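Chemist: The structure's right below; bear with me while I get my questions together.
The values are calculated or read from the model by the stated rules, or taken from the named source; none is laboratory data. Bear in mind the structure is a predicted one, so any value in this text is a computation, not a measurement. Here Cβ is always computed from backbone atoms with ideal geometry, including for glycine, and neighbour counts include all displayed protein chains.
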Amino acid sequence: MKIAILSRNKKLYSTRRLVEACEQRGHEPMVIDVLRSYMSIASNQPETHFKGEAFPQFDAVIPRIGASVTFYGTAVLRQFEMSGAYPINESVAISRSRDKLRSMQLLSRKGIGMPNTGFAHNPDNIGDLIKMVGGTPLVIKLLEGTQGIGVVLAETKKAAESVLEAFMGLKVNIMVQEYIKEAGGADIRCLVVGGKVVAAMKRQAQPGEFRSNLHRGGSASLVKITPAERATAINAAKVMGLNVAGVDVLRSERGPLVMEVNSSPGLEGIETATGKDVASMIIECIEKNAKPHNTRTRGKG
């Protein structure tokens, strides 16, 4: 198969591993920088171009689209979907998961465990917003933040009010979440591929830090997950419509709680911690499902 890998950097670990896995299984990978691609949107003949030439017809696409280029990246992916290529993660599903508020609303509707979450626009609502999530300490998140950036732990009511007022004054969208103290600065990253948890690792924040992201200096280790955690991760990926997802789960006194569902999970941390060949599992999932126009939305929306 001809497989397009949408990535801005060929040298990234995840991109390199996906290229290796494609080649080992006899496929032809091509790494495409979405920001250097452009589209011809003509009736019944959608094309994607690079340096004056149209790309060949691909059998499948692996989107590795960074959060900062979500809009343009999903537009390019949608163009490939309309030409019949099979996307391991569809453009609509990626957009859905990238919207933190929308994803929480969808998880809530399906009854999936999650921290109590509040959202407001007006500073007059701050007092009730704090009560809504069980008081302080609480976590304040920028909706556009990634890799732990724009996430603040407010330990007192006064601190929470000050941070919320500041963010609202800057006209940025934020949400407030219950702080799960018993998680102890750790979360479980479950890697879901094709409706199964294929690998899981525990991420532990460094001393004095509550964010467990590896980009923030957190450490990763192998972990055995419970049946409830496995089911929660699988259901969360299904709700988002993602075939490949990194589901971040907190261990709480009331069971597993989903903190976030990532549509472009990094492979380095989880492959190193677990010793599993996740890249090959992703290619295997493509082999089982890649048929022309085999998408739920067929590039419609």
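Chemist: Would you please name the residue that is surrounded by the fewest Cβ atoms within 10 Å (Cβ to Cβ), looking only at residues in the range 111-150 that are modelled with pLDDT under 90 and part of a strand (DSSP E or B)?
Modeler: It comes out as L142.
Chemist: Hey, among R96, R17, which residue is of a type in the set (D, E, K, R), within 20 Å of the chain's Cα centre (by Cα), modelled with pLDDT of 95 or more and not in a strand (DSSP E or B)? Before the answer, list the steps.
Modeler: Details: R96 fails: modelled with pLDDT of 95 or more.
It is R17.
Chemist: Spot the failing condition for R211; the list is (1) assigned to a loop (DSSP other than H, G, I, E, B); (2) in the same structural domain as V278 (by TED's automatic domain parsing); (3) modelled with pLDDT of 85 or more; (4) of a type outside the set (S, T, Y), and only one is missed.
Modeler: (3)
Chemist: Specify which of the listed residues (E253, E284, E260) is in contact (Cβ under 8 Å) with a residue 24 or more places away in the chain, surrounded by fewer than 23 Cβ atoms within 10 Å (Cβ to Cβ) and under 18 Å from the mean Cα position of the chain (by Cα). If you could, list the steps in order and put the result at the bottom.
Modeler: On the way: E253 fails: under 18 Å from the mean Cα position of the chain (by Cα); E284 fails: under 18 Å from the mean Cα position of the chain (by Cα).
The match here is E260.
Chemist: Being in a helix (DSSP H, G or I), in the same structural domain as T15 (by TED's automatic domain parsing) and surrounded by fewer than 18 Cβ atoms within 10 Å (Cβ to Cβ): is that true of S108 here? Give the steps one after another, and end with the answer.
Modeler: On the way: in a helix (DSSP H, G or I): yes; in the same structural domain as T15 (by TED's automatic domain parsing): no; surrounded by fewer than 18 Cβ atoms within 10 Å (Cβ to Cβ): yes.
The answer is no for S108.
Chemist: Can you tell me which of I62, I41 is touching a helix residue (DSSP H, G or I) at 6+ places or on another chain (Cβ under 9 Å) and buried (at least 21 other Cβ atoms within 10 Å of the Cβ)?
Modeler: I62
Chemist: Only one of A199, A160 is hydrophobic (A, V, I, L, M, F, W, C) and either surrounded by fewer than 16 Cβ atoms within 10 Å (Cβ to Cβ) or in contact (Cβ under 8 Å) with a residue 60 or more places away in the chain (or both); which? Working first, answer last.
Modeler: Details: A160 fails: either surrounded by fewer than 16 Cβ atoms within 10 Å (Cβ to Cβ) or in contact (Cβ under 8 Å) with a residue 60 or more places away in the chain (or both).
The conditions single out A199.
Chemist: Can you tell me how many residues in the range 226-261 are part of a strand (DSSP E or B) and hydroxyl-bearing (S, T, Y)? Reasoning before the result, please.
Modeler: Step one: of the range 226-261, the residues part of a strand (DSSP E or B) are 244-252, 255-261.
Still in the list and also hydroxyl-bearing (S, T, Y): 252.
Number satisfying all stated conditions: 1.
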